[in-house]
Structures are given as structure tokens and as C-alpha cells.
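Since every read-out is calculated from the coordinates, none of them should be taken as a lab result. A quick note: this is a predicted structure, and the numbers were derived from the prediction, not measured. Cβ sites come from the backbone with ideal geometry, for glycine too, and all protein chains shown count toward neighbours.
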């Protein structure tokens, strides 16, 4: 059947758009097309047992097996050592996490526990970013850290060398949404055995991260474009990550 002039024009235009779209989709053709493009992320889940060693004193840890969230009591149920605590104080900094000024003291009442306190920093909460759980505070004090997940780093003041042992799921990839400023993050890798170079791990945010801090033997070590006091991300550690802008950090191994 013979096409009319108008129908032929519409048909020809559609064919031209199809050919151009195929050309621009060829490997190496990354020029913008003017069309909206959606990214499909396929999450692979794998059962895994995470065993996180904790040394006596202050630790900064993370557990990728917690993934979307585990109640705190369940998350720390493998810590068996208990000790009576009385008249102790721990300190949380309410401004710059790496500064020792403008601190708030929390007096600890007598109780029996395996740890003094566990706390994290939620960069999405502008008014009250510090979240704390302290088993020795009186009942009228609100412990606002109830869930541990696989994306945050956590400080814990442990009373004796212990081990967090938890069976859960780990996933590939992991994507953490970061905010401008300080973020207390996990190392969300599927590989929980091998350290990885920092420059490799931060490749997806290499234009927006400013510096990375690691707590090692009670002292802060920094990694930045101009200063590298450590070289690797290590499984089950937590880290302070300072950002110049909001960004998504993707870890796909």
C-alpha cells in the first residue's frame, strides 16, 4: 500500500531517530542524547557470617552483615563478658567529631554490662546527629540508638576484648548516600577478608571526598589527596569521611 506524504514523513523521521539512537549507544559513545536514562541496579545477596574483633577500650567498627538494620541487643548479643560499672564518665563531642572541645559528659550509673556505650553519627539529622545507647544510664534518659545497620560506623567502649559474631546477608553493590561534611561510615565491602587500597575504594567519589579518618591504636590517621597516613580500607572498621558535596558512594565487590 502506498504511503501518503505525511505518513511517509512520520515513518522516515522515526527511522532516523532509531538509527541515531543505535549509533549513540555504541561502545565509547557517551555523548548526551537528550533522552532520559534510568540506571537499573541489581542487588545480589549472599548469606555470610561476620566476626568482628573488638579490643579493650574505644573501637570504631562496622558490620556489613547488619545490612538494613538489626536491633542493638541482638547485634551485640555475642559479647559475653560482663562487668560492674560505677561512677564512670564517657564523652561525646557535639560539634567537630575530631575535636576535643565543646564536649558533653554523660555520667554512668552503676550497672552490669559488657560495654559502657555505643554511639554513631547520623549526618542526615541536622539537629541531633549523635545517636547513643548506654546501658548504664537511668531509665528516664532516652537511648536513641536502637538499630545498628551495615552502612554506618559505630563507636563502642568495650570493657574486655570481645567478638561480635553475627550471621546475616551481604550484598553487591552497596551504595551509601553521603552528605556534605562529616559522615561516620562503614566499609561496606562484600569481601570481608582482604584490605583494599583507599584510592580504589573511593573511586566513585574521588572528586567530592576531602579526607578520610581511621582510628588506629587510639590515634587518628588521615588519608587525603595531599597526605596519606594509611593506605588501605580494612574489613569491619568504621571511618570518618568528609565530603565537599552530597554524593553516592558505590562499592561493588
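Under 14 Å from a label point 7 Å along Cα→Cβ of residue 169: give me every residue in the stretch 140-155 with its amide N that close.
Zone members listed by number: 150.
Where q = 0.21 Å⁻¹, what log10 of I(q)/I(0) comes from the Debye formula for the stretch 158-236, counting one point per Cα?
For the requested q values the scattering log ratios are -1.19.
Gain in length, residue 216 to residue 141, computed as 0.36 nm per residue apart minus the alpha-carbon separation, to one decimal in nm?
Using 0.36 nm per residue and subtracting the Cα-Cα distance, I get 23.9 nm.
Which of 56, 192 comes first, and how do the rest follow, when ranked by fewest Cβ neighbours within 10 Å?
56, 192
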